[in-house]
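A short worksheet on the structure shown next.
The values are calculated or read from the model by the stated rules, or taken from the named source; none is laboratory data. What you are looking at is a predicted structure, and each value in this text was computed from that prediction instead of being measured. We place every Cβ from the backbone using ideal geometry, glycine too, and count neighbours over all the protein chains shown. Surface areas here come from the heavy atoms of the whole protein model, side chains and all, with no ligands, DNA or RNA. Shrake-Rupley method; radii C 1.70, N 1.55, O 1.52, S 1.80 Å.
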Amino acid sequence: LRKSKSVPYFSFSADIVPYSDCDVKPVFLGSSDPAQFLKKWVYVYLKYPEAAVRDGIQGRVLVDFVIDEKGKVRDVRIARGVDPLLDEEALRVIKASPDWKAARVGGKKVKCGLSLYVEFRLERKKNR
């Protein structure tokens, strides 16, 4: 097993502008903060897979995706997975996202690339 060098944060194609380089960030439900997308959408609709709960699988799945010029979520993919059960659920919920308000560079709508961690954390059972 070879140790990999750090993965580049963005591995999108040339016509996609990284989130950090957009003059006007994409907006989800009135907020340009990706944490609000996680809070208002991802963690509301995320279903922790039962098999993963049973097997005690948890971790952070890194998901890359693009918000296109129309505000649609496209090209959703796992950049760094944890387990197929968690990876699939992270993909499912991000692909189901409602439309965003598109990002802009120089006043022009652009495709914007984002990478977000979706966290799966099991609650510890309390001893009684």
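Got at least one residue in the stretch 32-53 being assigned to a strand (DSSP E or B) and in contact with a strand residue (DSSP E or B) (Cβ under 7 Å, 6 or more places away or on another chain)?
In the first step, residues of the stretch 32-53 are kept if they are assigned to a strand (DSSP E or B); the result is none.
Checking the stretch 32-53: not a single residue is assigned to a strand (DSSP E or B) and in contact with a strand residue (DSSP E or B) (Cβ under 7 Å, 6 or more places away or on another chain).
Give the residue that is most open to solvent (accessible area, probe 1.4 Å), with candidates limited to residues of the stretch 71-85 that are touching a residue at least 40 places away in the same chain (Cβ under 8 Å) and farther than 20 Å from TYR48 by Cα. Quick ask: steps written out before the conclusion?
Step one: list which residues in the stretch 71-85 are touching a residue at least 40 places away in the same chain (Cβ under 8 Å), which gives 71, 75, 79-80.
Subset that is farther than 20 Å from TYR48 by Cα: 71, 75.
On the way: GLY71: 0, ASP75: 95 Å².
Checking each candidate, the answer is ASP75.
With the requirement that a residue be open to solvent by 70 Å² or more (accessible area, probe 1.4 Å) and either among the acidic types (Asp, Glu) or closer than 13 Å to GLY59 by Cα (or both), what does the stretch 86-116 give you?
GLU88, ASP99
Can you tell me which residue among LEU122, LEU91 is touching a strand residue (DSSP E or B) at 6+ places or on another chain (Cβ under 8 Å) and of a type outside the set (Ser, Thr, Tyr)? Lay out the reasoning, then the answer.
Numbers: LEU122 fails: touching a strand residue (DSSP E or B) at 6+ places or on another chain (Cβ under 8 Å).
Going through LEU122, LEU91 in turn, just one is touching a strand residue (DSSP E or B) at 6+ places or on another chain (Cβ under 8 Å) and of a type outside the set (Ser, Thr, Tyr): LEU91.
Consider ARG124 against the criteria (1) in contact with a helix residue (DSSP H, G or I) (Cβ under 8 Å, 6 or more places away or on another chain); (2) without any contact (Cβ under 8 Å) to a residue 24 or more places away in the chain; (3) basic (Lys, Arg): it satisfies all of them except one. Which criterion is unmet?
It is condition (1) that ARG124 fails.
Restricting to the stretch 16-42, name every residue that is touching a residue at least 60 places away in the same chain (Cβ under 8 Å) and basic (Lys, Arg).
Within the stretch 16-42, LYS25 is the sole residue that qualifies.
Which of the residues belonging to the stretch 100-117 are within 23 Å of VAL42 (Cβ to Cβ) and not in a strand (DSSP E or B)?
Passing the criteria: TRP100, ALA102.
Looking only at the stretch 1-50, filter to residues that are among the small types (Gly, Ala, Ser) and either under 18 Å from the mean Cα position of the chain (by Cα) or at pLDDT 95 or above (or both); which one of those is least open to solvent (accessible area, probe 1.4 Å)?
Here the residue is SER31.
List the pairs whose first member sits in the stretch 43-55 and is of a type outside the set (A, V, I, L, M), whose second member is open to solvent by 60 Å² or more (accessible area, probe 1.4 Å) and modelled with pLDDT of 95 or more, and whose Cβ atoms are under 6 Å apart, counting only residues at least 6 apart or on separate chains?
PRO49/LEU85
Would you tally the residues in the stretch 71-99 being in a helix (DSSP H, G or I), within 17 Å of SER115 (Cβ to Cβ) and of a type in the set (D, E, K, R)?
Restricting attention to the stretch 71-99, the residues satisfying the condition of being in a helix (DSSP H, G or I) are 84-95.
The next check asks that each one be within 17 Å of SER115 (Cβ to Cβ); those that pass are 86-87, 90-91, 93-95.
Add one more test, that the residue is of a type in the set (D, E, K, R), and what stays is 87, 95.
Counting residues in the stretch 71-99 that are in a helix (DSSP H, G or I), within 17 Å of SER115 (Cβ to Cβ) and of a type in the set (D, E, K, R) gives 2.
Scan the stretch 54-70 for residues that are over 27 Å from ARG121 (Cβ atoms) and either part of a helix (DSSP H, G or I) or open to solvent by 30 Å² or more (accessible area, probe 1.4 Å) (or both) and jot them down.
GLU69, LYS70
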